[in-house]
1. I'd like the full set of residues that are out of contact with any helix residue (DSSP H, G or I) (no Cβ under 7 Å at 6 or more places or on another chain), loosely packed, with under 13 Cβ neighbours inside 10 Å and closer than 30 Å to Thr131 by Cα, limited to region 223-247.
2. When you go through (1) surrounded by fewer than 20 Cβ atoms within 10 Å (Cβ to Cβ); (2) of a type outside the set (A, V, I, L, M); (3) touching a helix residue (DSSP H, G or I) at 6+ places or on another chain (Cβ under 9 Å) one by one for Ser212, which number turns out not to apply?
3. Keeping to region 248-257, report how many residues are open to solvent by less than 60 Å² (accessible area, probe 1.4 Å) and more than 12 Å from the ligand (Cβ to nearest atom).
4. Taking only pairs six or more apart or across chains, which ones have beta-carbon atoms under 9 Å, a first residue in region 245-268 that is within 23 Å of Asn126 (Cα to Cα) and not assigned by TED's automatic domain parsing to the domain that holds Glu49, and a second residue that is among the basic types (Lys, Arg) and within 16 Å of the ligand (Cβ to nearest atom)?
5. When you check Leu201 against the structure, is it away from the ligand (no atom under 16 Å from the Cβ) and in contact with a Cys (Cβ under 8 Å, 6 or more places away or on another chain), yes or no?
6. Evaluate the following for Val174: is it open to solvent by 60 Å² or more (accessible area, probe 1.4 Å), away from the ligand (no atom under 16 Å from the Cβ) and either at pLDDT 95 or above or out of contact with any His (no Cβ under 8 Å at 6 or more places or on another chain) (or both)?
7. On the given criteria, is Ser220 open to solvent by less than 70 Å² (accessible area, probe 1.4 Å) and farther than 27 Å from Pro246 by Cβ?
8. Checking the conditions here, which among Thr260, Thr267 is within 16 Å of the ligand (Cβ to nearest atom), of a type in the set (Ser, Thr, Tyr) and within 30 Å of Leu135 (Cα to Cα)?
Amino acid sequence: METDTIINAAQNPALANELAAKAMTSQDPVVASSILKTNTMPPPDTTVELLGGLRDPFLGVISTAEIRELNGIDEELISKINDPGKALLTILERATVKIGDEPADKETLDSLYAGDRELLLLAIRNVTFGTEIKLGPGECPSCGVEQVFEIDLVKDVPLKKLEGDHTFTVKCKVGDVVVTLPTGSTQKAIVTSTNKTSAELDTILLKNCIESINDVPVFSLDDVRKLSLKDRRDILQEITNRNPGPQLSEIKIPCQSCGTEVPLPLTLAELFR
Ligand SMILES: [Zn+2]
């Protein structure tokens, strides 16, 4: 296997696609081969410390949530959903029990950061199937030694906390663009848009995240279509840089033979397969 095969697979897919957590057929044979489930560890806690949190006008920032293990009723329901993005939405809505001290309702879930929703899904996965997965056998891109890579979804997934404000200004060619980080509603808008290209999904994402361009509020998809390609890319990059959440695309495991860190990017959809 060539080194650049793995590096390419580790690169971020289009941000919108990532937010939708679509199942992607990985180019990486290590990931593409079946994920062997092992569940020997005691189930992790069902309390989740949110990475972005939820601003409540009365309570301040709510920073915890509670999830539960999936059961057979969930499994039957999920098995009827063909679209991986929609299946993940259903899992999240069914298995998130509380946000703060209140029962989780759809409205609250939709106002959570996309990254916190991904964190909840990861916790639901861990409490249901265990935190350890094995990938492979696959070859180390550096020394070529074939091995099974063991990932601990608690220890090995980097978690990015929200830093700074959820609303920020990006200096673009067009001028000042005020942007807010994607939430559950943004994620839903993307997941429910079927048969769209990456560029079209980016337009939906941008329309949901851009508050104003040079102080003029953004109302329509056309407002963000008129932005230059470079401005759109710069804004998407800035959103990626600031987005809190589990960084599943950045998982790296040291080779058992030579110690080189091998990138083993995963998607949420792959974790529920
Ligand atoms: Zn190696």
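1. Across region 223-247, the qualifying residue is only Asn241.
2. Answer for Ser212: the failing condition is (3).
3. Step one: list which residues in region 248-257 are open to solvent by less than 60 Å² (accessible area, probe 1.4 Å), which gives 248-249, 251, 253, 255.
From the residues that got through so far, the ones that are more than 12 Å from the ligand (Cβ to nearest atom) too are 248-249, 251.
Selection size over region 248-257: 3.
4. none
5. Values: away from the ligand (no atom under 16 Å from the Cβ): yes; in contact with a Cys (Cβ under 8 Å, 6 or more places away or on another chain): no.
No, not satisfied.
6. Numbers: open to solvent by 60 Å² or more (accessible area, probe 1.4 Å): yes; away from the ligand (no atom under 16 Å from the Cβ): yes; either at pLDDT 95 or above or out of contact with any His (no Cβ under 8 Å at 6 or more places or on another chain) (or both): yes.
Yes.
7. Values: open to solvent by less than 70 Å² (accessible area, probe 1.4 Å): yes; farther than 27 Å from Pro246 by Cβ: yes.
So Ser220 fits the description; yes.
8. Values: Thr267 fails: within 16 Å of the ligand (Cβ to nearest atom).
Matching residue, one of Thr260, Thr267: Thr260.
The values are calculated or read from the model by the stated rules, or taken from the named source; none is laboratory data. Fair warning: this is a prediction, and the values are worked out from it, not measured in the lab. Every residue, glycine as well, gets a Cβ built from its backbone with ideal geometry; the counts of neighbours run over all protein chains shown. We work out accessible area using only protein heavy atoms, side chains counted, and drop any ligands, DNA or RNA first. Shrake-Rupley method; radii C 1.70, N 1.55, O 1.52, S 1.80 Å.
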